[in-house]
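Working notes, beginning with the structure itself.
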Amino acid sequence: MNPFVSRVLLIALPLFILAGCTAPRPSRPVSDTEREALAATADGQFDSALRVAKMYQAWNDPRALDWYARAAAIPPRTHQSTSAEERLGTILERGRLDSADTPQKPEAVVLKPSPRKAFRWFHSAAYHGSPYAMRDLERWYATHDEMALALRWRLRHAVYMRELYRLDPLRAAPAEPVVVGSTRMDGATLNSVIARIQHRAARGDAEAQVDLGTLHETGLGVVESRAEALRWYQQAGEQGNVYGQYFSGLVLGRGGKDMKADVDAAAAWFARANAQQFYLAEESYWRKAIAPPFFIFE
């Protein structure tokens with residue numbers, strides 16, 4: 001495909017997804033500040049588009065949605081572009097441009113909340129590497145009583161953040177039921193979820209293979225083994241799953257009780273994830289992610 005056409009489609013697609021979400025634009029004279037900010041976007045840079053998005057959001061102008069989408073589509077993929085995606089998800093989920101929880105002012109522009117469109121932006125941000133979007137998806141799925149998927153994102157966030165100790169309540173689920181969202185997850189529920197993950201992973205489902213890898217890495221409901229976690233991550237990664245690739249890099253780079261670190265092998269997996277615009281797999285990020293922590297709570 002022609003590179004110019006590809007770029008146009010890259011920018012147009014997010015705007016198409018937003019169609020139907022925005023309220024009528026407020027009518028106001030164009031100010032010098034607005035004219036200057038819009039003119040600056042001719043450089044095609046992320047910062048220029050983000051400046052316009054933030055300007056319109058501060059003015060309670062729904063055009064902020066268009067400009068956050070434009071900013072998010074500008075390469076290269078960074079934590080800033082995933083932040084723009086996540087902010088779009090938050091705005092669309094809440095149906096308001098401000099971040100307050102108080103009733104909106106009468107003159108405020110009211111947007112139509114769109115949980116499904118919000119989910120798409122959270123999902124996009126998570127698959128571009130945002131740890132914050134991982135938590136957004138955990139919360140979103142828990143709110144919709146989809147506990148297997150809520151568990152998926154809780155585990156992925158815990159593995160990335162080295163916060164396996166935060167999973168202790170889940171490990172205690174057989175004795176002390178855990179409530180996530182509006183669903184009660186006891187031992188039987190958790191065991192049923194794990195059994196389905198194992199079944200799907202054995203049948204070649206790449207996402208389930210990543211899930212099973214996180215279960216082995218955390219020791220939740222299965223034998224704790226980073227070597228076994230790596231085996232499942234690599235199977236998913238070979239199918240092109242970006243989390244399989246990234247987590248393979250983390251396990252190899254960090255090493256552990258049952259395996260020695262191999263930074264060269266880790267770098268190869270990170271390179272594959274980075275090729276899929278997973279910004280955490282860029283070298284400056286993964287070097288920090290595999291460095292020994294000051295404190296280990298695992």
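Do we have any residue at all in the stretch 257-265 that's buried (at least 17 other Cβ atoms within 10 Å of the Cβ) and either in a helix (DSSP H, G or I) or of a type outside the set (S, T, N, Q) (or both)?
no
When you look at ARG272, is it among the basic types (Lys, Arg), closer than 18 Å to HIS128 by Cα and part of a helix (DSSP H, G or I), yes or no?
In short, yes.
Is there a residue in the stretch 239-254 that is surrounded by fewer than 17 Cβ atoms within 10 Å (Cβ to Cβ) and either part of a helix (DSSP H, G or I) or under 18 Å from the mean Cα position of the chain (by Cα) (or both)?
So far as the stretch 239-254 goes, yes, one or more of its residues are surrounded by fewer than 17 Cβ atoms within 10 Å (Cβ to Cβ) and either part of a helix (DSSP H, G or I) or under 18 Å from the mean Cα position of the chain (by Cα) (or both).
Residue check: is GLU283 without any contact (Cβ under 8 Å) to a residue 24 or more places away in the chain and within 17 Å of TYR160 (Cβ to Cβ)?
yes
Residue under question is ARG287, and the condition is that it be within 27 Å of ALA148 (Cα to Cα), among the basic types (Lys, Arg) and either open to solvent by 10 Å² or more (accessible area, probe 1.4 Å) or in contact with a strand residue (DSSP E or B) (Cβ under 9 Å, 6 or more places away or on another chain) (or both); does it hold?
Taking the combined requirement at face value, the residue does not satisfy it.
Look at the stretch 198-214 and say how many of its residues are buried (at least 24 other Cβ atoms within 10 Å of the Cβ) and either closer than 22 Å to ASP264 by Cα or in contact (Cβ under 8 Å) with a residue 40 or more places away in the chain (or both).
Number of matching residues: 4.
Condition check ((1) farther than 23 Å from LEU280 by Cβ; (2) open to solvent by less than 80 Å² (accessible area, probe 1.4 Å); (3) touching a Leu at 6+ places or on another chain (Cβ under 6 Å); (4) modelled with pLDDT under 75) across all residues:
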position	(1), (2), (3), (4)
LEU18	yes, yes, yes, yes
SER27	yes, no, no, yes
ALA58	yes, no, no, no
TYR68	no, yes, yes, no
GLN104	yes, yes, no, yes
GLU107	yes, no, no, yes
PRO115	yes, yes, no, no
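Sort out which residues of the stretch 78-95 are assigned to a helix (DSSP H, G or I), of a type in the set (Ser, Thr, Tyr) and open to solvent by 10 Å² or more (accessible area, probe 1.4 Å), and write them in order of number.
Listed by number, the residues that qualify are SER83, THR90.
Determine if the stretch 126-138 includes at least one residue that is open to solvent by less than 80 Å² (accessible area, probe 1.4 Å), touching a residue at least 40 places away in the same chain (Cβ under 8 Å) and among the aromatic types (Phe, Trp, Tyr).
yes
If you take the residues in the stretch 208-238 that are among the hydroxyl-bearing types (Ser, Thr, Tyr) and not in a loop (DSSP other than H, G, I, E, B), which one is farthest from LEU164 (Cα to Cα)?
TYR233
The values are calculated or read from the model by the stated rules, or taken from the named source; none is laboratory data. As the structure is a prediction and not an experimental result, all values here were calculated from the model. Counting neighbours? That spans all protein chains shown, and the Cβs are built from the backbone with ideal geometry, glycine included. Note: areas computed on protein heavy atoms with side chains; ligands, DNA, RNA excluded. Shrake-Rupley method; radii C 1.70, N 1.55, O 1.52, S 1.80 Å.
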